[in-house]
Structure formats: C-alpha cells, structure tokens
Amino acid sequence: MDDFWVFGYGSLMWRPGFDHEETRRARLFGYHRALCVRSFVHRGTPERPGLVLGLDRGGSCHGVAFRIKPENRDVVTAYLRERELVTQVYLETLRTIRLDTGHHVRAMTYVVDRAHHQYAGGLTADDALLRVRGARGQSGPNEEYVFNTVTHLNTLGIRDPHLEAILHRIRAENRP
C-alpha cells in the first residue's frame with residue numbers, strides 16, 4: 001500500500017500546512033484529545049507556558065485524516081517533524097485509525113510522551129483555564145488556539161466537552 005495518511009486532532013485539523021489529496025473524518029482508538037502539553041514555543045513561553053493538545057492514553061479521539069500523495073511523503077514528513085517535534089514532547093508513531101468510510105488505515109500520529117517534562121496530564125478545566133488564559137507564543141494567543149480547535153470540531157460535528165467548558169469560561173471572562 002502506497003497510501004500515506006496523517007491523523008490530525010488539534011491545529012492540524014484547521015491548519016495542516018501541507019498538501020493533501022483527500023480529507024476524511026477519522027477515529028483513533030486507545031487515545032483521547034487532551035490539553036496536556038505545556039507549550040513553551042507555539043502558545044506560550046518557558047516563563048509563561050500555555051497548553052496545547054496531545055493525544056493521551058485511554059478512550060478514543062475523533063479527528064481528521066489526510067491522505068498524502070506518495071511522492072509528497074518525504075516533504076510532508078519533514079514538515080511535520082519540524083512542526084511537531086520542536087521540543088520532542090510528542091512521539092511520532094504509526095497507529096491504525098478508522099476512516100468515516102469504515103476502512104482502517106495506518107496513519108502518522110503524534111502522541112504525547114508522558115515522561116517528558118512538558119507533559120501536564122490530568123488537569124481539571126479550572127487548572128487548564130489558568131494556564132491557557134493570557135499565555136502567548138510564536139503562533140499567537142493560547143485562547144485563540146482553544147477557540148479555533150473547538151470551532152473546527154463543531155463544524156465537523158465533533159463534541160469535546162472538556163475543551164468546550166474551557167472556551168465557555170474564556171468567553172464568560174471576556175464579556176463586558
């Protein structure tokens with residue numbers, strides 16, 4: 001099989017940054033989407049870390065799968081490594097995902113390394129909100145990251161109650 005798939009569950013869904021020839025809704029089993037990574041680069045700094053998503057053990061995760069042309073595999077892989085492995089908090093893996101067609105394919109997937117010092121698993125919505133609020137990195141405000149992710153999930157018909165609760169609190173705090 002020459003098919004090369006990439007699984008996106010966070011910002012890759014709404015800003016993949018690479019050419020792809022097909023996009024499908026997909027589900028990964030054994031991992032769930034969580035704000036469990038302290039961001040020192042994209043959505044925070046070492047002095048004021050933000051939080052970004054990681055795939056953490058347990059449950060399942062609805063996201064998006066991108067099919068890449070075989071001739072673009074090396075370019076896309078290099079791009080993803082530069083983007084996702086900045087601080088080595090993610091592990092690049094191949095995992096089986098189920099496409100919305102019912103087919104199972106192997107996809108490049110970035111899961112959180114629980115042994116990494118940036119891992120922040122098990123945070124409550126209140127704890128996550130404290131870390132997200134006011135954090136800003138090279139890619140912009142942390143609140144914007146949560147907003148964009150929830151908005152894109154909603155357009156796909158995917159609910160994430162934990163992220164939605166955090167976004168609701170951010171919006172409530174920003175009301176006049």
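The values are calculated or read from the model by the stated rules, or taken from the named source; none is laboratory data. Owing to the predicted nature of the structure, the values given are computational and were not obtained by experimental measurement. No Cβ is skipped: glycine too gets one built from the backbone with ideal geometry, and neighbour counts run over all protein chains shown. These area figures cover heavy atoms from the full protein model, side chains too; ligands, DNA and RNA do not enter into them. Shrake-Rupley method; radii C 1.70, N 1.55, O 1.52, S 1.80 Å.
Matching residues to (1) over 21 Å from Leu91 (Cβ atoms); (2) surrounded by fewer than 15 Cβ atoms within 10 Å (Cβ to Cβ); (3) of a type in the set (Phe, Trp, Tyr); (4) at pLDDT 95 or above:
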| position | (1), (2), (3), (4) |
| --- | --- |
| Ser11 | no, no, no, no |
| Arg25 | yes, no, no, yes |
| Leu28 | no, no, no, yes |
| Leu35 | no, no, no, yes |
| Leu53 | no, no, no, yes |
| Gly58 | no, yes, no, yes |
| Pro70 | yes, yes, no, no |
| Thr77 | no, no, no, yes |
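Please work out if Leu99 is surrounded by 19 or more Cβ atoms within 10 Å (Cβ to Cβ) and not polar (S, T, N, Q). Spelling it out, it is not the case that Leu99 is surrounded by 19 or more Cβ atoms within 10 Å (Cβ to Cβ) and not polar (S, T, N, Q).
Contact map, the stretch 103-126: first residue over 21 Å from His42 (Cα atoms), second residue open to solvent by 30 Å² or more (accessible area, probe 1.4 Å) and at pLDDT 95 or above, Cβ cut-off under 6 Å, separation 6 or more or different chains; pairs are His104/Thr96; His104/Arg98; Arg106/Leu94; Arg106/Thr96.
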